[in-house]
Each structure stands twice: as C-alpha cells, then as structure tokens.
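The values are calculated or read from the model by the stated rules, or taken from the named source; none is laboratory data. Given the structure is predicted, the values throughout are model-derived calculations rather than measurements. Heads up, the Cβs are rebuilt from the backbone with ideal geometry, glycines too, and the neighbour counts pull from every protein chain shown. With ligands, DNA and RNA removed, areas are computed over all heavy atoms of the protein, side chains included. Shrake-Rupley method; radii C 1.70, N 1.55, O 1.52, S 1.80 Å.
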Amino acid sequence: MSTTTNEPGNGARPGMEDAVFEVGPMRSDPASVHDLSRRVQIRREGVGEKRYPFPIPNGWFVVDESRELAPGEHKNLYAFGKDLVLFRAESGEARLMDAYCPHLGAHIGVGGRVEGDGMRCPFHGWHFDGGGRCIDIPYAEGKAIPTKAKIRTYPIIESSHMIWAWHHLEGGEPFYDVPHIPEFEDPDWQPYETYDVEVATIAQEFAEGEFDVQHFKYVHGATPLPSTDMVVNGTYRHNSNGNFTIENFGLGCTLISVGDSIRIGQSLLPTDEENVRMRWWFTMPNSLGEAALKGLAANFLDGISQDIVIWENKRYEPKPLVTAVERNIRVGREWALQFYSGLDS
C-alpha cells in the first residue's frame, strides 16, 4: 500500500507537513470541514488559470434556511459570481436581487433597508419593489421614473425549510421544479440538523461522485455500492441499490434516502465558477432518537472531509480514461450539459 507524505516545500499548507494519506481510505478530518486552515492544498499546476470548462450552471440552489430570515431582515450574499441581497419583505415573501443600484452603483445592502415589498437604497433613497423595478425617487418631484431603473431579481421558492433561488446565466425561466421532501415537515420525523461547507469545486464534480461507486472503497473504506445503470428522465436522475437511493434534481439538489429511516437533503450553491457552498440537512424518525440523528450528521461530515481532500486537489479531465464498469460517469457528464448556457455543442 503506497503512502504520500507532505514534506515542507512541496506546496502543502503550513502545519500539515506530517500528514500521511493512505489509499483506502483517506484519512478523515471532520474539523477541516469548517476550519479551512486544516485543509491540505497540494495542487499548484494551473493555479490562477480557469480550472473547469464550464460557466455557473442553471438551476435551483439553496441560498439560506427559511428560519434564518425574518420579515424586514436582509442579508448580503455572494453567489453566482455576483454580490446579492437576500431579504424578506414585510409581507413575508423572500426576495433575492443584485446588490448594486443602477443609479450610482451603491450597494443597497450596506445601509439600505427593507421597505414594503422591496428595498430602499441608502445613497439617494431610490426604492425598488420586489420585482426589482424602481417605484420611487424621493426628489423626482412627480417626474417619470426612468424605465432602465431596474435591478435584476431571481425567482424564489421556499421548500423543505430552505430558500431556493433560480439562477440562469441568460435570464431564462425555471425549467424544472424544486422537490418537496415531506419527511422534513412530518411531525413523526425529527427537527432537521444542518451544516454548511465551503469547497473549492463545482456542483458537477459532486454529482459525478454520487454515481462513481468505486470511490466509496478507496476514499471512504466502504463496500462499493452495486454498480447499476442510472435512470435519467430529463432534468431528473436517480440510482437505487435496494435500500439506498440517490436522486438528483438538476445540479443544485440531491435527495439521499435510506429506507424508511434516513432523509438527507443537499444543495450546492455556486459562489463562482470555481467554488461552491454545500448545504446538508438531515432528518430521521422520532423513534430513532436525537442521538442517532446527530450521529448520522457527524458521520456524514466525517466522510465529506475525505472527499474534500480529493476535490480540492484534483484537476478536471475533459476526456476521462474510464473503464466499462464506470460508464455512469460518462452518462452523468452528458446529463449535466443541459444545465449550462453558452457551451459549444
């Protein structure tokens, strides 16, 4: 069994010189999930260049938890390669819009406030409604508001305790639905546990790993799931191996089910073309107890820490050398192409 030691001077992050990694499985480090200073970063080739040949994908992505945004509250976000403002209108509707006022470029989330259905800019008081249209310029004195006085907004849906935003690179309308996961709202199931993880990868890489059954042995030390053909139906795909089922709804949402005892929701919010913010939320029946749910979440993050080392140090192979038993990787890549705008056919 081969080993690799990170020696000083080879590009390893300071403090990780004594880290030793073995094939099958990778060493786990749950603390590295949230402590970026603990992550091993060896890759130097191509750093500073575009790592992936894809733009930010189109789809539904979780931008926050519903319970974390009160009426009249706003938050400043960076997602889809843009500065954004997420807010909940006084009516209770969640809204998401670009951050910069078209007047003189002020960031409306820095000193601005929620007013009615929209936001009022702090610089000159321009008021934009929930659809992004300017409806008031305090000093306009009855003159017509310029038709170009608009801010881009994003469709929002709240489902399974999460706020989902629709992103489309060319401004297109949603072409698939956010799934409803009833167990997260079932009183016989426990209140969910949730975690956020920042990772230097893209949503497609994660989706690819879900159907790369061989990596479970070599990265996680687990028995590989039986390799079966995935079922693809437009923007939806799934793979079920008896009691264990993975479902993808676009590149931004995954549902993992284990029989009648586990439901795991997952969304990967692209912050830009090179990075994502992963959000996981977990629930189990009340009968299994709170300790079991917390243990599930902890074990899952332990496994994610093993994946992160791979994701953040690998390069993208546009023409992968895969074996016959890994055909799902090619099928998955073909499926993922539908969620990008502007790619050459």
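Some values worked out for this structure:
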| item | result |
| --- | --- |
| Assigned charges on the beta-carbon of Lys, Arg, Asp, Glu; the chain dipole about Cα centre (debye) | 820 debye |
| Förster radius 51 Å - calculated FRET efficiency between LEU104 and ARG315, Cβ distance, rounded to 0.05 | 0.75 |
| Accessible surface of the chain [probe 1.4 Å, protein heavy atoms]: carbon and sulfur percent | 52 percent |
| Degrees separating the helix 290-313 axis from the principal Cα axis of the chain, which is the longest one | 90 degrees |
| Value of relative contact order over the stretch 209-345, rounded to a whole percent, pairs C-alpha under 8 Å and six or more apart | 17 percent |
| GLU185 paired with ILE145, simple spin-label distance in nm, labels 7 Å along Cα-to-beta-carbon | 3.3 nm |
| Cα-based reach from LYS75 at 27 Å (exclusive), listing lysines while leaving out same-chain residues under 8 positions away | LYS148, LYS150 |
| C-alpha long axis of helix 327-336 to longest principal axis of the chain, angle in ° | 0 degrees |
| Over the stretch 130-215, relative contact order from alpha-carbon pairs under 8 Å, at least 6 apart, % | 16 percent |
| Most mobile listed residue (LYS143, LYS217, LYS82) in the chain, GNM with C-alpha springs under 10 Å | LYS143 |
| Phi to ³J(HN,Hα) by Karplus 6.51 cos²θ - 1.76 cosθ + 1.60 over the stretch 237-253, Hz, x for Gly, Pro | 8, 8, 9, 10, 10, x, 8, 10, 10, 10, 10, 10, 10, x, 8, x, 8 |
| Most positive-pole-ward Cα, VAL33, LEU104, GLY48, against dipole of the stretch 19-132 from beta carbon charges | GLY48 |
| Convex hull volume per residue in cubic angstrom - Cα atoms of the stretch 79-231 | 180 Å³ |
| Two-site FRET efficiency, ARG333 against GLN41, from Cβ-Cβ distance with R₀ of 45 Å, rounded to 0.05 | 0.95 |
| For the stretch 234-345, size of Cβ-based charge dipole, Lys and Arg +1, Asp and Glu -1, in debye | 180 debye |
| Accessible area (Å², per residue) of the chain, counting only protein heavy atoms and a probe of 1.4 Å | 48 Å² |
